[in-house]
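To start, the structure under review is shown below, and the notes come after it.
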């Protein structure tokens, strides 16, 4: 075999190895990508969160099968992500597992991870775009207050993606570009500033259609939002 053919053979073997790595997901954990055939604790956490939010109805077994893939795809479609059924970095961040190794999101103490900031900022931007800055921080504080309340999920992503909790996830506002002020507001809320006074609800009286929300005790009004318990 001459030198040229030898190089071609080596290149072919290398290409086949890369294809096998991709096909069977033999990817280092740091690559932050999970797909059909993956398994382990992170897959179990993905399944559990998607089950809690109503996307997944299968067994939480830590095995990334077709049902997990379809649940991830539904979650991605709902939240403006590439609907490929692969839990890559963007999808993991949206689920609240930015590193692919942690099952929890930051709470109200401390500045939080970059994923916490990004996720909370997206919610703030969608729900409070155009509101006074303190009103934007207050919306973020409501999310964090809910994490500490027994009636709500205990994780940031769990609160934000809870079905029916925030209209912006249904009307498409959640997928709009994030205002720069929302990132600052998210950081301030994560650092403990709470202009809402401990509120767990807020609403715009000009658009609210629920009589129940009007029954909640008012704490403070900021901009167009009433913050209440």
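The values are calculated or read from the model by the stated rules, or taken from the named source; none is laboratory data. Since we're looking at a predicted model, the values are computed, not measured. Positions of Cβ are backbone-derived with ideal geometry, glycine not excepted, and every protein chain shown enters the neighbour counts.
Condition check ((1) surrounded by fewer than 22 Cβ atoms within 10 Å (Cβ to Cβ); (2) modelled with pLDDT of 80 or more) across all residues:
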{"residue": "50", "(1), (2)": "no, yes"}
{"residue": "53", "(1), (2)": "yes, yes"}
{"residue": "61", "(1), (2)": "yes, yes"}
{"residue": "65", "(1), (2)": "yes, yes"}
{"residue": "74", "(1), (2)": "yes, yes"}
{"residue": "83", "(1), (2)": "yes, yes"}
{"residue": "89", "(1), (2)": "yes, yes"}
{"residue": "96", "(1), (2)": "no, no"}
{"residue": "101", "(1), (2)": "yes, no"}
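Please note which helices (runs of 4 or more DSSP H) are completely contained in region 107-178 and include at least 3 residues that are over 19 Å from residue 226 (Cβ atoms).
Counting at least 3 such residues, we get 114-128, 156-161, 168-171.
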Q: Could you tell me whether residue 183 is under 23 Å from residue 56 (Cα atoms) and out of contact with any strand residue (DSSP E or B) (no Cβ under 9 Å at 6 or more places or on another chain)?
A: no
(Q) On the basis of being closer than 16 Å to residue 133 by Cβ and either surrounded by fewer than 15 Cβ atoms within 10 Å (Cβ to Cβ) or touching a helix residue (DSSP H, G or I) at 6+ places or on another chain (Cβ under 6 Å) (or both), does residue 185 make the cut? (A) yes
Q. Identify, please: which residue in region 111-125 is in contact with a helix residue (DSSP H, G or I) (Cβ under 7 Å, 6 or more places away or on another chain) and surrounded by fewer than 23 Cβ atoms within 10 Å (Cβ to Cβ) and is, among those, modelled with the lowest pLDDT?
A. 111
